[in-house]
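The values are calculated or read from the model by the stated rules, or taken from the named source; none is laboratory data. Fair warning: this is a prediction, and the values are worked out from it, not measured in the lab. For neighbour counting, all protein chains shown are included, and Cβ atoms are generated from backbone atoms with ideal geometry for every residue, glycine included. Accessible surface areas use protein heavy atoms only, side chains included; no ligands, DNA or RNA. Shrake-Rupley method; radii C 1.70, N 1.55, O 1.52, S 1.80 Å.
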Amino acid sequence: MTLATAPRRSTAPAADRPARPRRDLGAWFLVLPALLPILVLSVGPLLYGIGLAFTDAQSGRTQATRFVGLLNFSDLFQDSLFWDSFRIGLIWAFGVTVPQFLLALGLALLLHLDLRLRWLARALAIIPWAMPEVVVGIMWRLVYHPDAGILNETLRGLGLSGADGRDWLSGPATALPAVIVVGVWAGMPQTTVTLLAGLQNVPRELHEAASMDGAGAWRRFRTVTWPALRPIALAVTALNFIWNFNSFALVFVLTDGGPGGRTRLPMLFAYEEAFRYGQFGYAATMGLAMVAVISVLLAVYLAGRLKGDDDR
């Protein structure tokens with residue numbers, strides 16, 4: 001009795017295997033229109049800025065730009081004004097990101113309820129997001145105006161002392177908190193929309209099962225809503241922190257870094273060095289230092305995400 005043997009798989013190349021490089025080339029042609037703007041507008045300037053950071057490039061000079069090695073970095077580490085702006089940038093980033101997330105989470109939970117005219121409330125909630133930062137800055141300058149601003153008028157109407165003529169954006173003690181309030185207001189809609197999308201993906205059956213087990217609203221949020229929302233919350237918080245740390249236009253319009261540098265963020269400081277004082281090489285060094293900081297933050301965030309995925 002003979003045993004039937006399985007037919008051997010042919011090791012000859014498939015007929016269509018030589019066409020694979022051609023298909024890969026076609027895929028590259030499809031990706032190229034989207035890749036070219038990234039290379040020209042992002043990667044190219046980044047590489048140019050990295051090279052510029054190692055030179056003494058300045059505006060208006062007649063001599064050729066020289067390679068100075070790490071001299072700009074040495075000057076940067078000893079520059080107290082830069083480190084002061086870096087500290088202000090961290091205060092600004094944390095001061096905007098944390099309240100922004102907490103308020104956006106509360107608003108998202110509210111908009112997720114089955115309320116009347118919910119569609120209108122959702123549309124109104126994203127209006128600040130649709131406004132350009134320059135427009136937001138001009139509008140809030142009018143709100144904070146010392147004589148005709150709506151804030152001082154409201155405080156005077158409430159009979160609060162000290163509201164007459166207070167310039168919130170020019171006071172050393174009030175400028176940074178006032179700017180942080182604007183940053184929270186302007187960025188909250190984007191976070192709200194993201195969290196609301198995450199809430200809509202939480203299965204309603206889980207909430208119903210928790211309610212049948214006697215869980216209250218807080219317990220349902222802690223055991224059902226938050227575990228499902230946590231990955232989205234971590235992602236949007238990390239991105240918001242990076243975005244806020246790199247802010248420029250809003251603070252530029254509101255205070256231009258004043259008073260006395262109390263709101264001078266790192267990006268604003270680099271802008272001043274480049275376009276007010278013509279120190280392009282030194283400004284590029286500041287930009288490279290901030291890219292390094294952001295890269296570290298991204299690495300920490302990605303490491304945390306990967307560790308969380310491995311634990312699951």
* **Spans of helices (runs of 4 or more DSSP H) in segment 209-312 with at least 2 residues of a type in the set (Phe, Trp, Tyr)** => 226-245, 266-275, 280-311
* Structure fact -> Within segment 112-147, the residues that are in contact with a Gly (Cβ under 9 Å, 6 or more places away or on another chain) and not charged (D, E, K, R) are Pro128, Trp129, Leu142, Val143, Pro146
* Asked: When both residues are 6+ apart or on different chains and their Cβ atoms are under 9 Å apart, which pairs have a first residue that lies in segment 232-251 and is touching a residue at least 24 places away in the same chain (Cβ under 8 Å), and a second that is open to solvent by 30 Å² or more (accessible area, probe 1.4 Å) and in a loop (DSSP other than H, G, I, E, B)?
  -> Ile232/Asn201; Ala249/Pro132; Val251/Arg264
* Residue ID - least open to solvent (accessible area, probe 1.4 Å), chosen from residues in segment 62-88 that are free of Cβ contacts under 8 Å to residues at least 60 places away in the same chain and farther than 24 Å from Arg264 by Cβ -> Gly69
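Scan Val300, Val224 and give me the residue that is farther than 23 Å from Ala53 by Cβ, open to solvent by 60 Å² or more (accessible area, probe 1.4 Å) and at pLDDT below 90. First the steps, then the outcome.
Details: Val224 fails: open to solvent by 60 Å² or more (accessible area, probe 1.4 Å).
None of the others qualify; the one that does is Val300.
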* Asked: Among the residues of segment 231-267, how many are over 20 Å from Ser295 (Cα atoms), modelled with pLDDT of 90 or more and open to solvent by 60 Å² or more (accessible area, probe 1.4 Å)?
  -> 2
* To do: Please go through segment 91-150 and pick out each residue that is acidic (Asp, Glu), surrounded by fewer than 17 Cβ atoms within 10 Å (Cβ to Cβ) and more than 22 Å from Gly198 (Cβ to Cβ).
  => Asp147
* If you go through segment 165-176 one residue at a time, do you hit one that is within 17 Å of the chain's Cα centre (by Cα), closer than 24 Å to Trp92 by Cβ, of a type outside the set (Val, Ile, Thr) and in a helix (DSSP H, G or I)? -> no
* **Filter result for Val135 (among the β-branched types (Val, Ile, Thr) and in contact (Cβ under 8 Å) with a residue 40 or more places away in the chain)** => no
